[in-house]
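Inspection log for the structure reproduced underneath, given as structure tokens.
Values quoted throughout were computed directly from the atomic coordinates according to the rules given, and no laboratory measurement underlies them. All values reported here derive from a predicted model rather than from experimental measurement. Here the Cβ positions follow ideal geometry from the backbone for every residue, glycine too, while neighbour counts run over all protein chains shown.
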Amino acid sequence: MLLSLRSLAFGAVLPVALVLSPVTANASDKGNPEAKRIVALGGTVTEILYALGAGDRIVARDSTSTFPVEAVSKPDVGYMRALSSEGILSQKPDLILSEDGSGPADVIGILKASEVPMVTVDTPPEGSAIAKKIEDVGTAVGLQDKAQVLAAQVNSGLDALAKDVAAVGDKKKRVLFVLSTAGGRIMAAGKDTEAAAIIELAGGINAAADITGYKPLTDEAVIAAAPDVVLTMQRGNHAENPDELFKLPAFQSTPAAASKSLISMDGLYLIGFGPRTPAAGRELAAKLYPDVIKP
């Protein structure tokens, strides 16, 4: 069984969507350069902090923060959509840095009302938005110069990937991102999702583009989607077994089943949309089009 979503790559249950407007509360426009006890909420925010050289300033992180490996040694304050204000504030932070979508809402309200500066970073599922995400994190912790350099590197990587993917031409493969197969029901990624965005970056066609968000598909809908490849998230060392997956009635008559084309990649790496996204997109593209794209 598969289960996860971008920040959920991360988590263990499919959450009720929480949409929180990106805000900066109790924080100066110049950021918090003196912050030495940061609680990082969200795997991508944590990854960016480490990439900027601020990992030693993190005193705690949420359970979605699994990269780099050093982050895992930090105290875990829980899943980013099921937080406890007591658990976070007990770490005595001088800055709470969070991805939008953290929750529940009442806990976020308590944190914003506390004396601890809290910054929420917008995380839209778009490659073009990664640079701003990096710059926002950099501003929040007083590392604007380093953030600009990292953002430029990411944009350069994305531009190079787009140029190489263009060589695929009209031979693009239909890719179905499967979030879960619990109970034999296929939970897939439609448009406006991180999964759809990474498929597009890698030169694929989202086979479930007729739906929006992460939704269950009937067996008939999966058959009609006719995926050439099934894409899933690998959790730790566990990857979906192609023999078991393609035994499901929904997949048996699909092109993907005929060629047993299944790709599994680490969730945060695949759909985190952070500094490693150009590499993740290239790796996926190389798996989709090994004769055209090189790792």
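Descriptive notes on the structure:
- Size of electric dipole in segment 167-288: Cβ of Lys, Arg +1 and of Asp, Glu -1, about Cα centre, debye, nearest 20: 200
- Electrostatic dipole magnitude of the chain [Cβ: Lys, Arg +1; Asp, Glu -1; Cα centre; debye, to 20]: 340
- Rounded if a/c under 1.5, otherwise prolate or oblate - segment 167-288, Cα gyration tensor axes: rounded
- Across segment 151-163, rounded Karplus estimates of 3J(HN,Hα) from the backbone phi angles (6.51 cos²θ - 1.76 cosθ + 1.60, θ = phi - 60°) give 4, 5, 5, 5, 4, 5, x, 5, 5, 5, 5, 4, 5 Hz, Gly and Pro being marked x.
- Over the chain, relative contact order from alpha-carbon pairs under 8 Å, at least 6 apart, %: 19
- Alpha-carbon centroids, segment 90-139 and segment 269-294: separation in whole Å: 27
- Relative contact order of segment 119-212, pairs being alpha-carbon contacts under 8 Å that are 6 or more residues apart, as %: 25
- Lys/Arg +1, Asp/Glu -1 at C-beta; the chain dipole; positive extreme among 206, 160, 262: 262
- Value at 222 nm in deg cm²/dmol, rounded to 500, when DSSP H runs of n ≥ 4 in the chain each add -39,500 (n - 2.57): -9000 deg cm²/dmol
- Non-local lysine pairs in segment 24-161, meaning eight or more places apart or on different chains, with alpha-carbon distances under 20 Å, amount to 12.
- Using only alpha-carbon positions in the chain, the gyration tensor eigenvalues give semi-axes of 35, 21, 15 Å once each is multiplied by 5 and square-rooted (largest first).
- Relative contact order %, segment 161-233, counting alpha carbon pairs below 8 Å whose residues are six or more apart: 39
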